[in-house]
Each structure stands twice: as structure tokens, then as C-alpha cells.
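J.: Pasting a structure here, questions to come.
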Amino acid sequence: MSIDQHIRDLAEQGTVAALEEHLPSILAAFTQPADPDRLYTLEQAAERMSVPVSTVRARVDNGELWTVRIGKHRRVPQRAISEFIESERLKAKFRRDQQTADPIGEADLEEEMNLILSPAKRRRTAKKKARSS
């Protein structure tokens, strides 16, 4: 649940006292740094990233967002979400920088960005190489 929803729920209770009593703990919960080892379901990760669950599934399936398996369940670590967001930020910066640089082919640009910025793909490639050895 978002911080806005928590505040709305308290406001609906109709008392300023309830809002004053609970607001500090709500703000503290939302302003603490995220635990990098916290695990989220795909639905929770989607909510955290403000995207549809289908987008999270697609990013997981194509290796842009890594997960861990616990039994039959997939979980997305906070660290994976942070890495993905940073990777997307760097890709956007890279695209902006490329617009001012000498133009290169779109396929070359995409390949170069993926090689440079995708930690999940590097990790997966390293695991495949280790298994084949």
C-alpha cells in the first residue's frame, strides 16, 4: 500500500489525532532505505516499480531482471530491482549521449548497451560458461 493510501485511510477515520499519532511511523516506514536482501513476489516488484506485472515477467524472461527461485516460486530481490533501475537510467543516459555523438547503427547501439549495462546477462553467461567447463 502506498503512503498516499495510508494517509487517506487515516484521514477517513475523521480525526486529526489519528493522523498525528500514526503519521510519524508511516513516514519512517517509507523513508528507510530498502533492504537489498528483501525478496518480493513479481506482483510486489511490479507495484514497487510502478509497472504492470506483465512488464516484470517480460523483463525476467528476457534476463533484464534477475530472480531467485524458492521452491516453485520466483522472488525478485531488492538488489535486482535497484540494479535494473540503475541499468535503465544508464541506458537512457547512453542514448542521450549517443544523440550528440557520431551516429551508429541501431542494432550496434542496442548490442553495445546490452553488453555494457546488463549485469543479469553477464551473470547468466558466466554461469553457462562455468557449467560447460
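The values are calculated or read from the model by the stated rules, or taken from the named source; none is laboratory data. Given the structure is predicted, the values throughout are model-derived calculations rather than measurements. Counting neighbours? That spans all protein chains shown, and the Cβs are built from the backbone with ideal geometry, glycine included.
J.: Cβ-Cβ under 8 Å, sequence separation 6+ or interchain: first residue in segment 35-56 and over 15 Å from residue 80 (Cα atoms), partner surrounded by fewer than 16 Cβ atoms within 10 Å (Cβ to Cβ). Which pairs?
T.: Note: pairs meeting the criteria are 53/43.
J.: Separate question: Going by the structure shown, is residue 69 of a type in the set (Lys, Arg), in the same structural domain as residue 115 (by TED's automatic domain parsing) and either at pLDDT 70 or above or assigned to a helix (DSSP H, G or I) (or both)?
T.: So residue 69 fits the description; yes.
J.: Out of all the residues in segment 51-66, which are surrounded by fewer than 14 Cβ atoms within 10 Å (Cβ to Cβ) and part of a loop (DSSP other than H, G, I, E, B)?
T.: Those that are surrounded by fewer than 14 Cβ atoms within 10 Å (Cβ to Cβ) and part of a loop (DSSP other than H, G, I, E, B): 51, 52, 62.
J.: Counting just the residues of segment 75-107 that are among the charged types (D, E, K, R), over 18 Å from residue 56 (Cβ atoms) and modelled with pLDDT of 70 or more, which one comes out farthest from the chain's Cα centre (by Cα)?
T.: Among them, the one singled out is 97.
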